[in-house]
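Inspection log for the structure reproduced underneath, given as structure tokens.
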Amino acid sequence: MYYFSIHDCSPVRPSVWIPPLYDKRDPSELAHPRHAGKAQQPQHNPLHLPADVLRLKQRCARKELAARLTAPRVAQRRHSSDSKVQQLKKAARSGTRGGLEKTKLAMIRKVSFLQRKDSAAGVKDDAGYLDVALCELKHPPPQLCPMPEGLSSQQVVRRLILSSIVQSESSYLDSLNRILQEYQRPLLESQNGILKPKEVREIFYRLQEIHQCHFMFQIALASRVTEWDHSETIGDLFVASFSKSMVQEVYSDYINNFTNAITLIKKACTSKPAFLDFLKNKQSSSPDRITLYGLMVKPIQRFPQFILLLQDMLKNTPKTHMDRLPLQLALTALESLAEKLNEQKRQADQEAEIRQLARSVGDRNLNKRLNSEQRQLIQCELLTEIVYGNKGQVIKMKERKVFLLNDILICANVDLKGPPNISGLVPVGPKYTVKWCSPLLQTQVVEVGQDRQQRSDSVITARRRSPTHSTTGKVFLGPPRLYQELQELQHDLAVVEEVSLLVGTLHGTYQNLNSTVSQDWCLALQRLMRLKEEEIQKANKCRLRLSIPGKPDKSGRPVNIIVVFNTPSPLSKITWVNRLHLAKTAHRQENTPGWEYAEEYVKTKAPISCPLLTCKLPVFSSKTPSLKLEAALHSPSQSSLLGFCIASTSLPQGYLWVAGGESSFNNGQVQIFSLNRATPRLVKTVPLSSPVLCLEYVKEPCPSTEEREAPSAAKIGNIICVGLQDGSICVYSSVDTAVQCLLTLVNPDRSPVLCLKHSLSFLFAGLANGKVTVYHRRAGERLWDVESCRLVSVGCEPVCSLLTLEDAVWASCANRVTVIQGSSLHTQSFTAHSDPGCSVRHMIRSGGGVWMAFTQGSSIHLFHTETLEPLQDVNISTRTTHLRPGRVCVSSLLMCQGLLWVGTSQGIILTFPLPTLEGIPKITGKGMTSLNAHCGPVDFLVSSSSTLDSFLNSTVEGANREAEGGRGGGAGDEELRKCEQRSLQQDSEASPPREEKPKRLLLQYRLHSTCQLPGKLLSAQPEQGTHRPPTGCLEHSPEDCSIYEVSEDPDVWVRGRPVEWWKEGEVRRNKVTSTAIFSGGRGHRRIGQMSSLGTCSASTENTLLVWQLPLTLSQ
């Protein structure tokens, strides 16, 4: 254990402080000799000796120890001490030139033994702590000099951001000083014994070290601020200050101890009134009246503040500036540190929540299960349970805390009331009383229309209060008034149908009294029923209905109880449904376990934090096993009538295009899978005359203002480009499964098209002859000009990969990469690998870097996008033990949601965490290995994602417009829409009866759009053999369920109007993204299972493996 102390205010030189060998004081007290002061005066404790006596004891102990050692031992120790002194001198020489702050940083960086940690396991000590006592008078806070003249706008903004950094750091240090000087020191020096010294040290654990790190950072920051007008660099300072393991350890210890510290404060406030009065006095006397809890939470929020400031600094830094790369590296270091700290904070909070729940559980078995190491908390939230009466009215609403663990769902009554005298000082934890618990695999999410499907298997009862004469087994859902109005519409429709039958028997001709008008009446009522059903669906977006197992009835039949919760928002409900679905998926055999990761992550990894294998399915016909998978892509397409909960649990909406071919027979094939369900479904197969080598999805460009105002031809929309082996590029429309070929492009050399990429105005095609074909798209046009073909030669070898970066494209040829600039087509090349035989095979961008994989070798390389410099090399064969020795290469690469997916030639897939901000995407953590692999090489890795914003932000009018496909109408359309809106402007909760209700609608036009609604025409006429309930009954009839099943049926596919590009900012206000990963290869096998070896050797079928990721929320 080593402590390095530099005292700036004293004339003595820096020296290494060694604890006494036989001192009986607590080691943690010895760790801070500069705080001896009043708290260590001899009159308080006889063991606290003066400093000169302590030095004499140390000297005697050293002499006694030296006398006991032999001569060789002494020589060895002398040699070790001399080497350490040389290291100190070398570090001092390298840092003295720039001042004392650089000297200290050099000491930390170059003297390794100062950071040594040698402490017993489980003992909290200050090992590795660099105690630096500095005089604040000699090191005042940094201050910018007056702004010079002639600065550019970016330089002015950078100075303002630097000023914000300085002020923010000064305020943060003041907060830390307040904790140490106003709280810790008085409690340690208190003669009344408010708290024991041990308790004080546990509450403020590691705060002194955090203050020391930031004080040294402020000294270095002052030096940079002084030199700012000459250097304008600050990124390297953040890297040097916060990328050290010591900073991470200090902050990790503080965050891990934070929950324990708050618990100690709560106990002390309850049991010791003097401590409570102490906190109240400190808060009342402070100018900002901030509590101790408000001060102690600031270290947890510090690094996110740094990240925001550095992001602003990076946005205003030119690409040619010398501070550009250091700022990106600083963002990477801070993001990695913040992610680790956030994960530790999340884990600590979840463990505290489970402990709090376990204390309130009276069941011994449940308590034992909660205290198990395998228990992990996935989701917990405060929801409102709703109890209905016999007519659907709300009887009771009670707040419950619902806990979703990895194998059980628990509902508890929560008591948030705590002692009134401490609730304003520290947050008081709630007390729980468990109401019920349900096994996860027996818990189902039940949406409107799904009750009838379950009644055949079990008896369903609603959680409600009802009188004795109520019918058992009848479920009443949602706001009762909306369902009553739906019943009235159904009754009116039945009457109108009878009237239409009578009108058809008329012999004469009468105005507004014929079969056409009566049919319009029926269609209008059907449309109003659909709108009413959509309004009910909207009201149910915040209503979570769960079916949990209850006690069997007298006959032994299972009974399921419906429990209804009101969620705070639609986002909360969709998150619960998604987490329940993924938690069940994690229990499947292929996901237990599904991934292998480092031992230190076993306890911290949540069961759904890793990608979960949801399904595997064959691709292409088994009769043509020679067809080879080449490429795949996701064509997003949203269904406006897809069910709210189905959308949150199914794969990302749209279509998956999977392409391949057979070179020997010169034929290709594209299979299109529908993804609007949990398992992909093949909907179309497109044969081609040549093998498909690549695919590219091109989104519809943003039209200009003139194009939006001018009347133009029909929109083409999004398109898909297919590169073939015969040198042609087929351009298809991506509208549903129509697959209409819009254009065919052929390069002059008829060379095979190996890769495709596009930019805003260009389409780039990499050819097998070492050239890149460039097609231009004119302004106002949706397709590329066939006559605009230009060739750019980048080498003699095939162009294996293309990558678009802003206005440039990177093209790989052999071991070199050529950067082609925009419309000028100027080229710049660099060598990506020293071996000419290692050709660049894949390129993927993340943040400010590009990862590259090669045709030979198991290494992947990282290059900077701006300076083209190599930044990192990673050998993936050393990251897992499952790769067989021999030739291993990377066959595919993918970047998705902070994970770098690496597919290998042996069928094994690895993932590595990467930063997601604008920094450098260096691999810092340990990767994971999927235990589900292919039997052959991983041919491709493709991600699919879709947003669920329409389910969260849509209104009844918006859903109506999407169902119409965007077709406009005349004045009658607008008049009816206003009438419908007036009839639907009601709250979802019960209200007093309305005084006036319109009973008639004036219909003056034919509702053509109603005929285009999916499914059969809805009718209120009861089918044969079904009993029609009385009009006043609120029981759901089979007809009602058919209405709900139409909108929930995954086979229903209605193309909605796409969001215009200039309106995407409005949609992104609440962006919820569903993501899935597809891998293609031969067969499927489980790693580590002997039984899979035989299956692997015999399986040659092309197979898709589908992984699903949790929903993500972004702004």
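Around Ser759, under 13 Å between beta carbons, what's the net of Lys plus Arg minus Asp minus Glu among the other residues?
Details: positive: Lys699, Lys757, Arg777; negative: Glu696, Glu806, Asp807.
Net charge around Ser759: 0.
Identify the trypsin sites (Lys or Arg not before Pro) of the range 295-345 meeting these criteria: DSSP loop state and at most 10 other C-beta atoms within 10 Å of the C-beta.
Lys319
List the residues of the range 566-598 whose backbone N lies under 14 Å from a point placed 7 Å from the Cα of Met397 along the Cα-to-Cβ direction.
566-569
What part of the accessible area of the range 499-577, given as a whole %, is carbon or sulfur when the probe is 1.4 angstrom?
C and S fraction of accessible area: 59 percent.
Could you provide, to the nearest whole Å², the per residue accessible area of the range 245-382 with probe 1.4 Å?
Numbers: 6540 Å² over 138 residues.
Using a 1.4 Å probe on heavy atoms only, each residue of the range 245-382 averages 47 Å².
Once the other residues with Cβ under 11 Å from the Cβ of Thr929 are scored (Lys, Arg +1; Asp, Glu -1), what is the net sum? Write out the running numbers ahead of the final one.
Working: positive: Arg879, Lys926; negative: Glu596.
Overall, the nearby charge balance is +1.
Would you work out what percent of the accessible area of the range 798-841, with all protein chains in place, is carbon or sulfur (probe 1.4 Å)? Don't jump to the answer; show the numbers that get you there.
Numbers: 790 of 1780 Å².
The C+S portion of the solvent-accessible surface of the range 798-841 is 44 percent.
For Ala358, put the label point 7 Å out on the Cα→Cβ axis and report which residues of the range 239-263 keep their amide N under 20 Å from it.
Those under the cut-off are 256-263.
Please sort 165-178, 743-756 by packing, taking for each peptide the average over its residues of neighbouring beta carbons within 10 angstrom, highest first. Each step should come with its number before you reach the end.
Numbers: 165-178: 16.5, 743-756: 18.4.
Answer by packing, highest mean first, reads 743-756, 165-178.
Please compute the length gained on full extension between Lys699 and Ser163, using 0.36 nm multiplied by the number of residues separating them and subtracting their Cα-Cα distance. Walk me through the numbers before you get to the answer.
Numbers: separation 536, 0.36 × 536 = 192.96 nm, distance 4.17 nm.
Contour length minus Cα-Cα distance gives 188.8 nm.
Enumerate the residues in the range 843-883 having an amide nitrogen under 20 Å from the point lying 7 Å beyond the Cα of Ser834 toward its Cβ.
Correct set: 852-864, 868-878.
Before I look further, what does the range 821-925 give for accessible area per residue, probe 1.4 Å, in whole square angstrom?
Details: 4010 Å² over 105 residues.
Averaged over the residues of the range 821-925, the accessible area is 38 Å².
Do any of Lys340/Lys401; Lys401/Lys554; Lys196/Lys282; Lys319/Lys771; Lys345/Lys398 go past 21 Å between their Cα atoms, and which? Before the final figure, lay out each step's value.
On the way: Lys340/Lys401 28 Å; Lys401/Lys554 32 Å; Lys196/Lys282 19 Å; Lys319/Lys771 29 Å; Lys345/Lys398 30 Å.
From the list (Lys340/Lys401; Lys401/Lys554; Lys196/Lys282; Lys319/Lys771; Lys345/Lys398), the Cα-Cα distance tops 21 Å for Lys340/Lys401; Lys401/Lys554; Lys319/Lys771; Lys345/Lys398.
In the neighborhood of Val888, defined by Cβ-to-Cβ distances under 14 Å, what is the net charge if each Lys or Arg adds +1 and each Asp or Glu adds -1? Walk me through the intermediate numbers first.
On the way: positive: Arg841, Arg879, Arg884, Arg887; negative: none.
After counting each charged neighbour, the total is +4.
Enter the accessible area per residue of the range 490-600 (Å², integer; probe 1.4 Å; all protein chains in place).
On the way: 5150 Å² over 111 residues.
With the other protein chains kept in place, the range 490-600 gives 46 Å² per residue.
The values are calculated or read from the model by the stated rules, or taken from the named source; none is laboratory data. All values derive from a computational prediction rather than experimental measurement. All Cβ positions, glycine included, derive from the backbone under ideal geometry; neighbour counts span all protein chains shown. We work out accessible area using only protein heavy atoms, side chains counted, and drop any ligands, DNA or RNA first. Shrake-Rupley method; radii C 1.70, N 1.55, O 1.52, S 1.80 Å.
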